[in-house]
Amino acid sequence: MPALHGVRCIGEVTDLHQNSTALYFTLTDGDAELPCMLWANRYRNMDIELEDGTEVILEGDIDYWVEGGKIDLKPWEIIVVGDGDQAAAVERLHAELDDRGWFDEDHKQSPPRFPDRVGVVTSLRGDARDDIQNAIHNQDPTVDILVKDATVQGPDAPTSLANGIHHLDRSEDVDAIIVGRGGGSDSNLQAFNTERVSEAIFTANTPVVTAIGHTADRLIGDHVADVAAITPTAPGEYVAESHEEFISSTLDPLSQELDTAFETFEQAHEHEKELEQAVETATELEGMAPIYYKIALVILVLLLLVITALWLGVI
């Protein structure tokens, strides 16, 4: 039996995903969240299409599990109201910042290949900090990392994240800034869809890399950032290059060029030797010509003497 029967709720669909048997999403209204589960066959019979940001009215049963203290709503009726306020606000901001040119490639900066210090804006209480540090040190263990603690979700998150970016940007010895957090529902990631965070990223003189654990559409902060990594484990390759990989990528082409140059030199040397041999042969033949001439002359004189003797009847 459900804990509550015939409950009617209104809110916005977020974190929508499904498999072959059921559809899962979170109904949000401000900071309030309610997990929902809808059987796939019932969803097909409803003749509606849900997506993140859709505002809906749900009617259904709420189940409660004592173990873990979890609840969810299983709706049997869904009325689509339209686009939710949150989704509409994000769409408007995206269009506005795009018009301002904040997403243009002309404004993008390239992080240095071999930074001395990298600044990180994230929560000290999450796994993202360790993931980011490990990702950087896997590339270059000598990089110094300066972490600025920040709130990454909730109403205080936009200001906290923006302040962290500004603080690190004012540090003259920070070569790149990573702003990141672990994964979460769409509602938990909304701080990165705000103008305050986007402005802090855009106005930073230091290259900024976003590293947010999500697999859905990119957030506004990702579009503004100089580089957008998919997860907190990915930004290391963008802000620090492995010394071994650099040496290999630099020396391998040089080695190939040297091999090619040596082969060309060998071919030229062989050709030069062939020319020298040809010259020596020609010189030898030229030196032998007077000898042949003298022998021929002697033979000719002898023949004349023989002919003269025969004519005189001596022989």
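The values are calculated or read from the model by the stated rules, or taken from the named source; none is laboratory data. Quick caveat: nothing in here was measured; it's all calculated off a predicted structure. Virtual Cβ from ideal backbone geometry, glycine too; neighbours counted across all protein chains shown.
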- Do we find a residue being among the acidic types (Asp, Glu) and modelled with pLDDT of 90 or more anywhere in the stretch 176-188? no
- Within the stretch 56-70, can you find the residues that are touching a residue at least 12 places away in the same chain (Cβ under 8 Å) and either on the phi > 0 side of the Ramachandran plot or surrounded by 14 or more Cβ atoms within 10 Å (Cβ to Cβ) (or both)? 56, 57, 58, 59, 60, 61, 62, 63
- Under 6 Å by Cβ, and 6 or more places apart or on different chains, what pairs join a residue from the stretch 196-207 that is touching a residue at least 40 places away in the same chain (Cβ under 8 Å) with one that is of a type in the set (S, T, N, Q) and surrounded by fewer than 20 Cβ atoms within 10 Å (Cβ to Cβ)? 207/109
- Query: What strands (runs of 3 or more DSSP E), lying completely within the stretch 1-89, carry at least 3 residues that are charged (D, E, K, R)?
  - Reply: 4-18, 54-65, 70-83
- Message: Quick check on residue 93: is it aliphatic (A, V, I, L, M), assigned to a helix (DSSP H, G or I) and farther than 16 Å from residue 6 by Cα?
- Response: yes
- Query: When you look at residue 53, is it outside the structural domain of residue 224 (by TED's automatic domain parsing), at positive phi and touching a residue at least 12 places away in the same chain (Cβ under 8 Å), yes or no?
  - Reply: yes
- Query: Tell me, which residue of the stretch 95-115 that is under 21 Å from the mean Cα position of the chain (by Cα) and among the charged types (D, E, K, R) is surrounded by the most Cβ atoms within 10 Å (Cβ to Cβ)?
  - Reply: 108
- Members of the stretch 141-172 found to be in a loop (DSSP other than H, G, I, E, B), more than 19 Å from residue 226 (Cα to Cα) and out of contact with any Gly (no Cβ under 6 Å at 6 or more places or on another chain), listed by number: 141, 142, 143, 151, 152, 153, 154, 155, 156
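Yes/no matrix, rows are residues, columns are (1) crowded, with 18+ Cβ neighbours inside 10 Å; (2) over 30 Å from residue 36 (Cβ atoms); (3) of a type in the set (Ser, Thr, Tyr):
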{"site": "164", "(1), (2), (3)": "yes, yes, no"}
{"site": "182", "(1), (2), (3)": "yes, no, no"}
{"site": "209", "(1), (2), (3)": "yes, yes, no"}
{"site": "219", "(1), (2), (3)": "yes, no, no"}
{"site": "231", "(1), (2), (3)": "yes, no, yes"}
- Query: Restricting the search to the stretch 40-77, which residues are of a type in the set (D, E, K, R) and touching a strand residue (DSSP E or B) at 6+ places or on another chain (Cβ under 9 Å)?
  - Reply: 42, 49, 51, 52, 55, 59, 61, 63, 70, 72, 74, 77
- Message: Tell me the residue from 54, 21 that is at pLDDT below 90 and among the polar types (S, T, N, Q), please.
- Response: 54
- Test: residue 144 is surrounded by fewer than 16 Cβ atoms within 10 Å (Cβ to Cβ), more than 21 Å from residue 220 (Cβ to Cβ) and in contact (Cβ under 8 Å) with a residue 40 or more places away in the chain: no
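Each row is one residue, and each column tells you yes or no for (1) under 29 Å from residue 26 (Cα atoms); (2) in the same structural domain as residue 154 (by TED's automatic domain parsing); (3) more than 18 Å from the chain's Cα centre (by Cα).
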| residue | (1), (2), (3) |
| --- | --- |
| 180 | yes, yes, no |
| 184 | yes, yes, yes |
| 191 | yes, yes, yes |
| 196 | yes, yes, yes |
| 202 | no, yes, yes |
| 206 | no, yes, yes |
| 211 | yes, yes, no |
| 218 | yes, yes, no |
